[in-house]
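This report refers to the structure that appears directly beneath it.
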Amino acid sequence: HRDLHSFPTRRSSDLFDAFLNAPPQRWLYDGYARVDVLESLLIGGATLPYETTAKLLEPLFVHFRKERWNDQEHGRAARALAILVFTDDPAAGASQIQESLANAPLNFSALQTLVVRIGYSNVPEAFEILERLRSFPHAVQHLGDSWVDAMARIDSPDSRSTLMGLVVDRSSEIDRKSVV
């Protein structure tokens, strides 16, 4: 991975700086552009610095907290939150995601987007987020296969143990029903 500051062209750095130094907007028209730029840098192999990334996304999160009635804002917030575990400090990113979910929960569609994306991060912090989602009422039921797939993609001893626990619990439930 390449560090953002050593990204090959000055123009990429200028674009990043342009978002950081942009004047506040009443309607965050550049919210999708911010997320798209960061996702493009990740796909290109850049390692995003957490502090800079969090600053760049903060206006989007502020806007989301004000406009939570809008389903589009939920989707954009989910994409932005997922980026945070792909930075050079996934623990700080995961902490921010968990704090955000506690203070401004996503709808189930956006939560599914978040789950799918963080599953690809393959970091222990993503496992912690997925485990925490189990405590949300009805979350795992609504997320279904997306949650299971994300847990499987993480492929850590903890995620395998959790998935095996689900299988064992389910088979015990089936055994109890067949006895009755």
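Side notes on the structure shown:
- Odd one out for Ser135 among (1) open to solvent by 70 Å² or more (accessible area, probe 1.4 Å); (2) in a helix (DSSP H, G or I); (3) out of contact with any helix residue (DSSP H, G or I) (no Cβ under 7 Å at 6 or more places or on another chain): (2)
- Residue check, Gln141 open to solvent by 40 Å² or more (accessible area, probe 1.4 Å) and either touching a Ser or Thr at 6+ places or on another chain (Cβ under 7 Å) or not in a helix (DSSP H, G or I) (or both): no
- When Leu60 is tested against (1) open to solvent by 40 Å² or more (accessible area, probe 1.4 Å); (2) in a helix (DSSP H, G or I); (3) more than 22 Å from Gly144 (Cα to Cα); (4) touching a residue at least 24 places away in the same chain (Cβ under 8 Å), just one condition goes unmet, and that condition is (1).
- Number of the condition not met by Ile97 [criteria: (1) part of a helix (DSSP H, G or I); (2) over 14 Å from Ala126 (Cβ atoms)]: (2)
The values are calculated or read from the model by the stated rules, or taken from the named source; none is laboratory data. None of the values given here were measured: they were computed from a predicted structure. No Cβ is skipped: glycine too gets one built from the backbone with ideal geometry, and neighbour counts run over all protein chains shown. For accessibility, only protein heavy atoms count, side chains too; no ligands or nucleic acids. Shrake-Rupley method; radii C 1.70, N 1.55, O 1.52, S 1.80 Å.
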